[in-house]
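Written below as structure tokens is the structure these notes are about.
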Amino acid sequence: MHLSPPPSGRRILLAAAVAAATALATTGPVSAAPADTDTGDRQQQYAAAADAYGVPQSVLLGVSYLESRWDTHPGQPSTSGGYGPMHLTDAEQVASTPSSAHVDADEDPRGDDSRPLTLDPATAAAPTGDVLPQASLQTVDAAATLTGIPVETLRTDAAANIRGGAALLASYQKALGGPVGADSDPAAWYGAVARYSGADTEDAAAAFADEVYDQLGQGASRTTDDGQRVTLAATEVRPDESGLHKLGLRRAERPDGLECPVRLACEWIPAPYEQYGPGAGDYGNYDLANRPAQQKIEYIVIHDTEGYFGPSVKLVQDPTYLGWHYTLRSVDGYVAQHIKAKNVGWHAGNWYVNAKSIGIEHEGFAGHGTWYTEAMYRASAKLVRHLALRFQIPLDRQHIIGHDNVPGILPGNVAGMHWDPGPYWDWSHYFDLMKAPFRGTGTPHTGLVTIDPDYATNQPAFTGCNQQPPGVPKPTPPAVPCPLRGSSSVILRTAPSPDAPLVNDRGLRPDGTPDTMYISDHGARASAGQTYALAGVQGDWTAIWYLGQKAWFWNPAADRTAKWANGFVVTPKPGKATIPVYGRAYPEQAAYPAGVPYQTIAPLQYTFAAGQRYAVGGVLPGEYYRAVTFDGSAPGDWTVVRGENKYVQVQFGHRIMFVNLDDVLILPGAVGAPK
């Protein structure tokens, strides 16, 4: 959601780091194995590299799993500029990756029309800083020096990439004075594994190494993105952690009250609550509150930064900019907390959601062709699970939502709402890591489906990667095809045919024209974990109710992209031809005390007609949190206005929305479901 400094400003910073990283890694010659030891079998490639460079195979496999889950992401770098299964990094790639403002000049990130916030786009372009920890910037050059393999080959060839990673690990182990050899004790490699993380703090390096050794104990077996089966046999290892302190890494500040799990690398980098102008409303960049005592936290909102960690953290330290609760770094999963959970951040563009949510930013890009790292997925999953358990937030897609699932507050706001973390965020894997996997709990007769395609093989033909402008959706022709890659999204059509037009989102295209495959145009997509009311089945196609229409997606019996689900649905009460749908769940006018302006209950532009059904996400009280001055001096400030209105959260489209409880019947999904 932020700008990074321009590439020219980064290159000066990176030049010294590139040389330093290469020098640090090169601690002595490492003999390479003959080229003919590389075969097409990925398991054997790991074994050959481990043997050639004197690394225990389990350690090499464990490190690679924590970097990429053994996937190759052919030709595509991570947000950290890392390539291949060993995530060999290239600082120049990071420097050349463009950033998007992702915040329009007329956008209100508070999403509160009683106290609008207008941002200066120049603010987002101002911060500078390290895009990555220097130790992690240029490992691909260090690997090339150690192996004699060209950099381009290390980036694109999986076997070469694995050998480069093995050579780096061996060089780190030698620098620490540890034993080297394929048959050496894996327990003695903890320090080298910690250094491989690229972290610049001791706790972050330790957290990465702990994850690797935990994975050794669990084992793993999966098919990679290029169809290779790789297995790590479970082996209990008690690592010798003494090498960690020899790395000389900074120890991060971890004050009392830091809201992170104990084993997560986390630091307090506060956002400022400051007054920056003469008026009581000239302050930033969050609001004081007392949650959950005052108001229940219902949601955790998953964002990506559309920029790099260092500059994004500097932005959250600007009182005139946005405020969110946490930022996660890509290369090692390092976490910075900025706002206490009790306070309200400005991050989602919808004040009702802001007042009831925690916002988490992830270093990354929704549509630039980069991929989210396993280290960041794991750290985020630990953080979200910790927060969800603490604040009693259900671990489901009705409450753990993307920024792209947050509705506009009024019809005029719908088209400008954000679309991060985008169709390449792996929701299914993310929930597996949170120990809350998507399960099929129903049958074809229970009336609901939960979207859950196979991420690796589900590869929609999106267009416009690296072309998307700020906002949603503003295609810039010609829309160049994106590289085919795994996705959490299924595509929705007007009829059960691959040639049928995509469905229309009236909020994005009021003229009724179909939505598109442009990367930022999410109006005809459903995402993994989202549950919808069944509208029909025809052969290998399934229909759901979506934005007031039937929307069809490919769901063949041999390769399901959705699971049958149980649950409840809403439908208009008898006698109501249509009912309104809202982007916020505010109380009725009579609930507002004297001096507090009424917040209009205005429906969005969508139609919920009799006979349609939408999946229930919960029943919520009508609430409005009043916060418009720095010192709480306005009437009713820092209080929650509650009324008699109750709302039902529904999965109405790609975004959640709300209907008035008085307008609907809540029924088991099986009642009235198509047969």
(request) List the number of the failed condition for Ala220; all other conditions in (1) closer than 25 Å to Ala142 by Cα; (2) touching a residue at least 60 places away in the same chain (Cβ under 8 Å) hold. (result) (1)
(request) Answer yes or no: is there a residue in segment 82-101 that is modelled with pLDDT of 65 or more, among the β-branched types (Val, Ile, Thr), in contact with a Ser or Thr (Cβ under 6 Å, 6 or more places away or on another chain) and under 17 Å from Tyr424 (Cβ atoms). (result) no
(message) Just to check your reading of the model, which residue among Gly277, Gly281 is over 30 Å from Glu202 (Cβ atoms), surrounded by fewer than 19 Cβ atoms within 10 Å (Cβ to Cβ), free of Cβ contacts under 8 Å to residues at least 12 places away in the same chain and of a type outside the set (S, T, N, Q)?
(response) Gly277
(message) Can you list residue pairs whose Cβ atoms sit under 8 Å apart, with the first residue in segment 103-130 being farther than 16 Å from Gly323 by Cβ and acidic (Asp, Glu) and the second being at pLDDT below 75 and buried (at least 16 other Cβ atoms within 10 Å of the Cβ)? Count only pairs 6 or more apart in sequence or on different chains.
(response) Asp104/Pro470; Asp104/Gly471; Asp130/Leu13
(request) Taking only segment 367-395 into account, find how many residues are part of a loop (DSSP other than H, G, I, E, B) and within 20 Å of His325 (Cβ to Cβ). (result) 5
(request) Looking only at segment 599-611, decide whether some residue is more than 22 Å from Ser488 (Cβ to Cβ) and in a strand (DSSP E or B). (result) yes
(request) Look through Gly636, Gly669 and report the one residue that is in contact with a Lys or Arg (Cβ under 9 Å, 6 or more places away or on another chain), buried (at least 21 other Cβ atoms within 10 Å of the Cβ) and small (Gly, Ala, Ser). (result) Gly669
(request) Would you mind listing the strands (runs of 3 or more DSSP E) fully within segment 430-544 where at least 3 residues are under 30 Å from His386 (Cβ atoms)? (result) 448-451, 525-527
(request) Answer with yes or no whether Pro478 is loosely packed, with under 12 Cβ neighbours inside 10 Å and either closer than 20 Å to Ile401 by Cβ or at pLDDT below 95 (or both). (result) yes
(request) Quick one: Gln215 ticks every box in (1) polar (S, T, N, Q); (2) in a loop (DSSP other than H, G, I, E, B); (3) closer than 26 Å to His362 by Cα except a single one, so which number is it? (result) (2)
(message) Report every pair of residues separated by at least 6 positions or lying on different chains whose Cβ atoms are under 6 Å apart, first residue within segment 153-181 and touching a residue at least 40 places away in the same chain (Cβ under 8 Å), second surrounded by fewer than 20 Cβ atoms within 10 Å (Cβ to Cβ) and among the acidic types (Asp, Glu).
(response) Ala159/Asp38
(request) Would you please list the contacts, defined by Cβ atoms under 6 Å and residues six or more apart or on different chains, that run from a residue in segment 592-616 that is farther than 15 Å from Val650 by Cβ to a residue that is among the basic types (Lys, Arg)? (result) Val596/Arg626; Gln605/Arg506
(request) Starting from segment 366-387, keep only residues that are within 26 Å of Val193 (Cα to Cα), then list their pairs with residues that are modelled with pLDDT under 95 and in a helix (DSSP H, G or I) whose Cβ atoms are within a distance under 6 Å, requiring at least 6 positions of separation or different chains. (result) none
(request) Within segment 492-509, identify whether any single residue is touching a Cys at 6+ places or on another chain (Cβ under 8 Å) and not small (Gly, Ala, Ser), and answer yes or no. (result) no
(request) Among the residues of segment 131-162, count how many are within 28 Å of Thr327 (Cβ to Cβ), in a loop (DSSP other than H, G, I, E, B) and at pLDDT 65 or above. (result) 2
(request) Determine the pairs where a residue that is closer than 24 Å to Gly464 by Cβ and assigned by TED's automatic domain parsing to the domain that holds Asn161, located within segment 83-100, has a partner that is basic (Lys, Arg) and at pLDDT 65 or above with Cβ atoms under 6 Å apart, the partner being 6 or more residues away or on another chain. (result) Tyr83/Arg155
(message) On the basis of being touching a strand residue (DSSP E or B) at 6+ places or on another chain (Cβ under 8 Å), under 27 Å from His429 (Cα atoms) and crowded, with 24+ Cβ neighbours inside 10 Å, does Gly165 make the cut?
(response) yes
(request) Taking Met434 as the residue in question, decide whether it is of a type in the set (A, V, I, L, M) and farther than 21 Å from Tyr532 by Cβ. (result) yes
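Quick grid of which residues meet (1) surrounded by fewer than 19 Cβ atoms within 10 Å (Cβ to Cβ); (2) over 18 Å from the mean Cα position of the chain (by Cα); (3) modelled with pLDDT under 95; (4) hydroxyl-bearing (Ser, Thr, Tyr):
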site	(1), (2), (3), (4)
Ala388	no, no, no, no
Pro394	yes, no, no, no
Asp404	no, no, no, no
Trp419	no, no, yes, no
Trp425	no, no, no, no
Gly440	yes, yes, yes, no
(request) From Ile360, Ile339, grab the single residue that is under 14 Å from His303 (Cβ atoms), touching a helix residue (DSSP H, G or I) at 6+ places or on another chain (Cβ under 7 Å) and modelled with pLDDT of 95 or more. (result) Ile360
(message) Any residue at all in segment 337-346 that's within 14 Å of the chain's Cα centre (by Cα) and at negative phi?
(response) no
(message) Looking only at residues that are basic (Lys, Arg), at pLDDT below 95 and in a loop (DSSP other than H, G, I, E, B) in segment 225-259, which one is surrounded by the most Cβ atoms within 10 Å (Cβ to Cβ)?
(response) Arg254
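The values are calculated or read from the model by the stated rules, or taken from the named source; none is laboratory data. Keep in mind that this is a model prediction, so the values were computed, not measured. Here Cβ is always computed from backbone atoms with ideal geometry, including for glycine, and neighbour counts include all displayed protein chains.
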